[in-house]
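Report on one structure; see the data block that follows.
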Amino acid sequence: MGPSGSGKSTLLHCLAGILRPDSGTVAFDGRDVTAMSDAERSALRRSEFGFVFQFGQLVPELTCVENVALPLRLAGVTRRDAHRTAREWLDRLEVPDIADKRPGQVSGGQGQRAAVARALITRPRVVFADEPTGALDSLNGERVMQLFVAAAKDTGAAVVLVTHEARVAAYSDREAVVRDGRVREQVPA
């Protein structure tokens, strides 16, 4: 948690192997992520991590079910099986009616639920979430967080989430405060 510009997103991107830190190392499962090649980091992200971003980052040319199924398709799952599983996830996140719509045809809250489904569909070990409710009103943000946390717990995924909102941070088991590019304190939530 921390204010805008504090370095939260940069920290998250370093932990996820998207960016290399200027100094120090990031380890995952006993492996030094910072020493991995770009291809190795990409494979790690694809196999072990899920991602939820502030604006969902859904592919506008694809339907919501195609967006949610995308990680499975990239992993070699057949279209039929990937779409069946994607529909199950959309149902689980209470938005089955958006499956055949494109992202521009759904509300922000619906799109964010599709993004959460996409992040969890491969049952990753870690989901990185960058301001997942930042573009939503408080009511939609609250429901997205409730569904996100419940689904992550059900799949056994750890969630690394950055936010500047105390109500979102309240969902965590542990909170780290980032100020001026540094983790300043860690507190149990």
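Under 5 Å between amide hydrogens, built in the peptide plane, is the criterion, and for Val160 it picks out Val127, Phe128, Ala129 among residues at least 5 positions away or on other chains. Our helix-only sum for the chain, with -39,500 (n - 2.57) per DSSP H run of n ≥ 4 divided by its residues, gives a mean residue ellipticity at 222 nm of -13000 deg cm²/dmol.
Cβ crowding within 10 Å ranks Val127, Val77 as Val77, Val127, fewest other Cβ atoms first. Neighbours of Arg167 by Cβ distance under 14 Å: Lys/Arg scored +1, Asp/Glu scored -1, total -4. Projecting the Cα positions of Val65, Ser107, Thr133 onto the charge dipole of the chain (unit charges on Cβ atoms of Lys, Arg, Asp and Glu, taken about the Cα centre) puts Val65 furthest along the positive direction. Cβ under 14 Å from Pro132's Cβ, Pro132 left aside: what net charge do those residues give with Lys, Arg +1 and Asp, Glu -1? Charge balance in the 14 Å sphere: 0.
Each of Ile18, Ile121 was scored by other Cβ atoms within 10 Å of its Cβ. Listed from fewest to most, they are Ile18, Ile121.
When the chain is treated as a Gaussian network with alpha carbon springs shorter than 10 Å, the biggest mean-square fluctuation among Gly108, Gly50, Gly30 belongs to Gly30. Between Glu94 and Ser23, the simple spin-label model (points 7 angstrom out along Cα→Cβ) gives 4.7 nm. Neighbour counting of Cβ atoms within 10 Å sorts the residues Thr155, Thr133, Thr85, fewest neighbours leading, into Thr155, Thr85, Thr133. Segment Asp32..Val149, full-extension length gain: 39.3 nm, with 0.36 nm per residue of separation and the alpha-carbon distance subtracted.
Values in this text are rule-based calculations from the coordinates and carry no lab data. Keep in mind it's a predicted model, so treat the numbers as computed, not measured. For neighbour counting, all protein chains shown are included, and Cβ atoms are generated from backbone atoms with ideal geometry for every residue, glycine included.
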